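The values are calculated or read from the model by the stated rules, or taken from the named source; none is laboratory data. Note that this is a predicted model, so its numbers are computed, not measured. Here the Cβ positions follow ideal geometry from the backbone for every residue, glycine too, while neighbour counts run over all protein chains shown.
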Amino acid sequence: MNNPKKESLSSVIYNSMVRNNLVLVLGTAIAPVIVVANTLKNAAILALTFSVITFFTMLLSSFIPQKLVYTVRVIIYIAIGALVYVPTAIIISSLFPQALQNMGIYFPLLITNSFIIFHSDTAFLTEKKGRMMLDLILGIIGYDIVVLIFGLIREIISTGEINGNVITLPILFKAFYQPFGGFILLGIFAAVLRGILLLIKKVSN
Amino acid sequence: MERINSKSDILISADMLIALLIPAVIAVYYYGIRAAMIIVVSVAVCLLTDVICYKLRGRVRVKAEISTVVTGLTIALMMSASVPFYAVVTTDLFAIIICKHAFGGRGNEIFNGAAVAFLFSSICFPTEMLNYPRPAVHLSLSSEELLNTSLFQSMSKSVILSNDAASSSIIDLLVGKFCGPMGTGFIILFIITAAFLMLRRSISAISFCSQFAVIVIGTLIYCGSDIKYTLSVLCGGMTIFGMIFLSCDYRTMPKTRSSRLILGLITGVLTLIFRFYAGAENPIIYAVIIAAPFGIELDRKMLSFAKIISNAKKKRTVTAEKTKETDESGLNNE
């Protein structure tokens, strides 16, 4: 991460949410997005779960001394993630009884997402607490926004509904409801974002 | 990906185009103006999309690149004659944008675009794509009149459901006069086409023959030597058409002969598995898509294997020469 003194708040927001977007640029936790986020509701539950697990795991992980060997640290991160998972699962299952069933294995797998395992050590935990928290929150918000938009568009084009409310569309692409369609759609999303970033870079140059 | 022989892409595509034009004419004869319109729309959309994609990517498009026309025509012939035009357009867009240009354009395709796009559209629009009018029923362009046309499941699907040979006569099977995609059932024509393309070296003879042998032998074993059932399997489900225009596609065909043979065998076996154990209506499509990555890997393995063998041979020759020289110098000293 760059020196916070040199960066304005808007560039911090832009870098954390857009330029280093967790899903579309870094490719973090894309499997749950592809499989689970096929409707707006499922996407919202995924975003909520990811936010809670990642935020608290990273927050607690920041207290782990950096002197420890990387291998040991990663094991501790995962252990913390597992500890955070238990209350999160209880809360989510009480709020949305069907959610755990829908998400299947991808729910517990969120504790081993590459954001916690790799990016935390290289980008976040080396920073000061305040800056780390800001980056973490913005990163999570960036993830949530993409997941929500992705779930919304996927639900509209594949089922012709928004959160269960029918909207009349002339053509429905049912394939996008399936995981392989999700892969293609996420690829299109990533390509569009990268295209926009390139365009911004060109214009600013 | 490398092309299968020294012929240029354009010549191979031209051969394919000629081979596809004949079933296109027959499809128009069977289904009338609507079939012609589907073909025109499909080819036009493919060409237009290709030109736009090249522009967006900032690359120059070779004017004589007719592989796009081949893709458009292949897609059109795989369609039901009653298919709505939006399904045709979606399939074309998917084939050109996602399967061709997303992978880097001409020569870099991993999968056959027409096969993947057809599969995508048949999942998106199953009712429209997989229900067919009776052959020799001329369809109009008007969608209102089309609503009154009776649609049926394909002959391939009926054979799968009844587990018995098709109800059509053998002659009808041979000339493609049964419910199914509008240009994929004329088995006699396709056998001649395959021979022509093999002679012209535009498709891999090894791959085609190995697939054909595996499918025929496998079906004969499965159905207890029932000739009509075997014929139903070959004519229906785009089997022969898929073998020629999808499976032996030079763009995804491996370079070495041994790889092509193995790929043909794998595709044949996969087709049988999808046909008899998964009950897939168009098993060749799934087989082609799944076998494509094998082709790439097989090529790598076979080339490295050939390299190892040639190196070993070279080493052996050098050692033999050295031994001979030592022996000769020893004899001279003596």
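Key figures for this structure:
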| quantity | calculated |
| --- | --- |
| All positions within the stretch B:221-240 that are assigned to a helix (DSSP H, G or I) and buried (at least 24 other Cβ atoms within 10 Å of the Cβ) | B:232, B:233, B:235, B:239, B:240 |
| Residues satisfying the stated conditions in the stretch A:142-177, i.e. under 30 Å from residue A:54 (Cβ atoms), among the β-branched types (Val, Ile, Thr) and surrounded by fewer than 16 Cβ atoms within 10 Å (Cβ to Cβ) | A:145, A:149, A:162 |
| Given (1) within 25 Å of residue B:117 (Cα to Cα); (2) within 14 Å of chain B (Cβ to nearest Cβ); (3) part of a helix (DSSP H, G or I), number of the condition residue A:199 does not satisfy | (1) |
| Scan of the stretch B:154-175 for residues that are touching a Cys at 6+ places or on another chain (Cβ under 7 Å) and not in a helix (DSSP H, G or I), ordered by number | B:154 |
| Count of residues meeting criterion [under 12 Å from the mean Cα position of the chain (by Cα) and either in a loop (DSSP other than H, G, I, E, B) or farther than 25 Å from residue B:8 by Cα (or both)] in the stretch B:246-267 | 7 |
| In the stretch B:133-153, the residues that are among the hydroxyl-bearing types (Ser, Thr, Tyr) and part of a loop (DSSP other than H, G, I, E, B) | B:140, B:142, B:149, B:150 |
| Residue B:73 being away from chain A (no Cβ under 14 Å), touching a Gly at 6+ places or on another chain (Cβ under 7 Å) and either basic (Lys, Arg) or in a helix (DSSP H, G or I) (or both) | no |
| Given (1) in contact (Cβ under 8 Å) with a residue 40 or more places away in the chain; (2) out of contact with any Phe, Trp or Tyr (no Cβ under 8 Å at 6 or more places or on another chain); (3) of a type in the set (A, V, I, L, M, F, W, C); (4) assigned to a helix (DSSP H, G or I), index of the condition residue B:243 fails | (2) |
| The stretch A:160-175, residues that are within 8 Å of chain B (Cβ to nearest Cβ) and not in a loop (DSSP other than H, G, I, E, B) | A:174, A:175 |
| Which numbered condition residue B:119 misses (of (1) outside any helix (DSSP H, G or I); (2) facing chain A (nearest Cβ under 10 Å)) | (1) |
| Residue under evaluation residue A:118, criteria (1) surrounded by 18 or more Cβ atoms within 10 Å (Cβ to Cβ); (2) over 21 Å from residue A:48 (Cβ atoms); (3) without any contact (Cβ under 8 Å) to a residue 60 or more places away in the chain, criterion not met | (1) |
| Enumeration of residues in the stretch B:290-323 that are surrounded by fewer than 20 Cβ atoms within 10 Å (Cβ to Cβ) and under 20 Å from the mean Cα position of the chain (by Cα) | B:290, B:293, B:294, B:296, B:297 |
| Close pairs (6 angstrom Cβ cut-off, 6 or more residues apart or separate chains): touching a residue at least 60 places away in the same chain (Cβ under 8 Å) in the stretch A:57-68, hydrophobic (A, V, I, L, M, F, W, C) and part of a loop (DSSP other than H, G, I, E, B) anywhere | A:62/A:125 |
| Residue list for the stretch A:157-205, restricted to those being touching a strand residue (DSSP E or B) at 6+ places or on another chain (Cβ under 7 Å) and free of Cβ contacts under 8 Å to residues at least 12 places away in the same chain | A:167 |
| Filter result for the condition that a residue is over 27 Å from residue B:67 (Cβ atoms), away from chain A (no Cβ under 14 Å), over 20 Å from the mean Cα position of the chain (by Cα) and at pLDDT 85 or above, over B:148, B:131 | B:131 |
| Selected residue (only one of B:218, B:279 is surrounded by fewer than 23 Cβ atoms within 10 Å (Cβ to Cβ), more than 29 Å from residue B:8 (Cα to Cα), touching a Gly at 6+ places or on another chain (Cβ under 8 Å) and not polar (S, T, N, Q)) | B:218 |
| Hey, residue B:81 in contact with a strand residue (DSSP E or B) (Cβ under 9 Å, 6 or more places away or on another chain), more than 11 Å from chain A (Cβ to nearest Cβ) and not charged (D, E, K, R) or not | yes |
| Number of positions in the stretch B:182-205 that are crowded, with 21+ Cβ neighbours inside 10 Å and part of a helix (DSSP H, G or I) | 4 |
| Answer residue from the stretch B:16-44, given it is surrounded by 23 or more Cβ atoms within 10 Å (Cβ to Cβ) and β-branched (Val, Ile, Thr) and is nearest to residue B:67 (Cα to Cα) among those | B:39 |
| Failed criterion for residue B:63 (all others in (1) in contact (Cβ under 8 Å) with a residue 12 or more places away in the chain; (2) out of contact with any strand residue (DSSP E or B) (no Cβ under 6 Å at 6 or more places or on another chain); (3) away from chain A (no Cβ under 14 Å) hold) | (1) |
| Enumerated helices (runs of 4 or more DSSP H) restricted to the stretch A:13-132, each holding at least 1 residues that are among the polar types (S, T, N, Q) | A:40-61, A:70-95, A:99-103 |
| Failed condition for residue B:137, given (1) in contact with a Ser or Thr (Cβ under 9 Å, 6 or more places away or on another chain); (2) under 28 Å from residue B:202 (Cα atoms); (3) of a type in the set (Val, Ile, Thr) | (2) |
| Scan of the stretch B:92-110 for residues that are surrounded by 23 or more Cβ atoms within 10 Å (Cβ to Cβ) and more than 9 Å from chain A (Cβ to nearest Cβ), ordered by number | B:92, B:95, B:96, B:100, B:109 |
| Criterion violated by residue A:74 - all others in (1) farther than 20 Å from residue A:44 by Cα; (2) surrounded by fewer than 17 Cβ atoms within 10 Å (Cβ to Cβ) satisfied | (2) |
| Among (1) in contact (Cβ under 8 Å) with a residue 40 or more places away in the chain; (2) assigned to a helix (DSSP H, G or I); (3) more than 14 Å from chain A (Cβ to nearest Cβ); (4) closer than 17 Å to residue B:37 by Cβ - the single one residue B:89 does not satisfy | (3) |
